[in-house]
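The values are calculated or read from the model by the stated rules, or taken from the named source; none is laboratory data. This structure is a prediction, so every number in the text was calculated from the model and none was measured. Here the Cβ positions follow ideal geometry from the backbone for every residue, glycine too, while neighbour counts run over all protein chains shown. Side chains included, ligands, DNA and RNA excluded: accessible areas come from the protein's heavy atoms. Shrake-Rupley method; radii C 1.70, N 1.55, O 1.52, S 1.80 Å.
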Amino acid sequence: MAVYKISYVVVEGTHPGGIINLDHKPKVGDVLTMGEQQFEIVELLELIPPRGEFYYLHATCKAIQQALES
């Protein structure tokens with residue numbers, strides 16, 4: 001089974017970023033949920049070539065604004 005190790009950075013410093021593992025390859029436009037926040041991937045780059053079943057990617061994300069309650 002493939003493991004995608006994703007290093008992510010959130011633009012505008014709204015989240016510290018980090019590393020997550022996924023069992024599928026993400027793509028630009030995908031939404032990641034980390035804690036109680038959601039982020040959209042706006043850029044995705046391969047960091048190094050795959051090693052066996054491990055893939056190393058970098059994702060630049062932006063926070064998705066939650067609708068304001070009235």
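Summary of computed values
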quantity: Amide H contacts of Cys61 (H built 1.01 Å from N, under 5 Å, at least 5 apart or other chain); calculated: Val9, Val10, Val11, Val42
quantity: Computed P(r) (all Cα pairs; the chain; 10 Å bins; percent); calculated: 20, 51, 22, 6, 1, 0
quantity: DSSP-defined beta bridges in the chain - what % are antiparallel, rounded to 5; calculated: 70 percent
quantity: Heavy-atom surface of the chain, accessible at 1.4 Å and reported per residue (Å²); calculated: 71 Å²
quantity: Amide H contacts under 5 Å for Asp30, placed H, 5+ residues apart; calculated: Ile41
quantity: Region 4-70: relative contact order in percent, alpha carbon pairs under 8 Å with at least 6 residues between; calculated: 36 percent
quantity: In order through region 34-48: 3J(HN,Hα) via Karplus (6.51 cos²θ - 1.76 cosθ + 1.60), integer Hz, x for Gly, Pro; calculated: 10, x, 9, 9, 10, 9, 9, 6, 10, 8, 9, 10, 7, 6, 9
quantity: Dipole magnitude (debye, nearest 20) for the chain, charges at Cβ of Lys, Arg, Asp, Glu; calculated: 260 debye
quantity: Surface share of carbon and sulfur [accessible, 1.4 angstrom probe, percent] for region 2-70; calculated: 52 percent
quantity: In order through region 12-22: 3J(HN,Hα) via Karplus (6.51 cos²θ - 1.76 cosθ + 1.60), integer Hz, x for Gly, Pro; calculated: 6, x, 7, 7, x, x, x, 10, 10, 10, 10
